[in-house]
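Please read the structure below before turning to the comments.
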Amino acid sequence: MHSTRSVTAPRGKGRPAPPHNFVERVALVLEADGFPRIAGRIFGLLILSESELSLDGIAAILGASKASVSVNTRMLEQKGVIERVSRPADRRDYYVIAPDPFIRTMEQRIARWNRVRSVFAEAMGDSSIAPGARARMKEFDASSGEIAQVLTAALHKLKSPRKR
């Protein structure tokens, strides 16, 4: 088992405090889910942030290159978990956590899951596939269909107006 240590920019004049341990832990979890570690660090940092952050600000806090931060904020924005915002009379882009990022990511996962299910459904109609394989596909489709229904219903409930 290997250990992971947090690497942040050295502190000095004008250098922000290193990110909270939460940022690094989120990064490791999201990395295990296929995201670049820097994307997880950006996501974790924006979760903790009380205000929007610029690319320069994110790069300075995380000790990452502006290019890497730019690429990964764009990816997180495309996935709908962060949003780009602007300030009046300021040409820079700023980033914040999107409203309900959990719901957005789960909706995307269910959509990907349904695309896989459609491939299975199409293949089940192919008579050249062995009956045992078609039976496994049918079982997968039935189980995943039930789970998708439960998750969709739960997401619908989460999206309904909440008592605050």
Flag for residue 39 being part of a helix (DSSP H, G or I), among the small types (Gly, Ala, Ser), more than 20 Å from the chain's Cα centre (by Cα) and surrounded by 11 or more Cβ atoms within 10 Å (Cβ to Cβ): no
Test set (1) within 28 Å of residue 150 (Cβ to Cβ); (2) surrounded by 13 or more Cβ atoms within 10 Å (Cβ to Cβ) - residue 62 fails condition number: (1)
Subset of region 75-108 that is charged (D, E, K, R) and within 12 Å of the chain's Cα centre (by Cα) - its residue that is nearest to residue 50 (Cα to Cα): 100
Any hit, region 1-8, residues being modelled with pLDDT under 55 and either surrounded by 12 or more Cβ atoms within 10 Å (Cβ to Cβ) or under 18 Å from residue 78 (Cα atoms) (or both): yes
For residue 96: the one exception among (1) surrounded by 17 or more Cβ atoms within 10 Å (Cβ to Cβ); (2) modelled with pLDDT of 95 or more: (1)
Some residue of region 109-126 being free of Cβ contacts under 8 Å to residues at least 40 places away in the same chain, over 23 Å from the mean Cα position of the chain (by Cα) and not in a helix (DSSP H, G or I): yes
Residues satisfying the stated conditions in region 106-120, i.e. loosely packed, with under 14 Cβ neighbours inside 10 Å and aliphatic (A, V, I, L, M): 111, 116, 119
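The values are calculated or read from the model by the stated rules, or taken from the named source; none is laboratory data. Quick caveat, the model's predicted, so the values are computed rather than measured. As a convention, Cβ positions derive from the backbone with ideal geometry for all residues, glycine included, and neighbour counts pool all protein chains shown.
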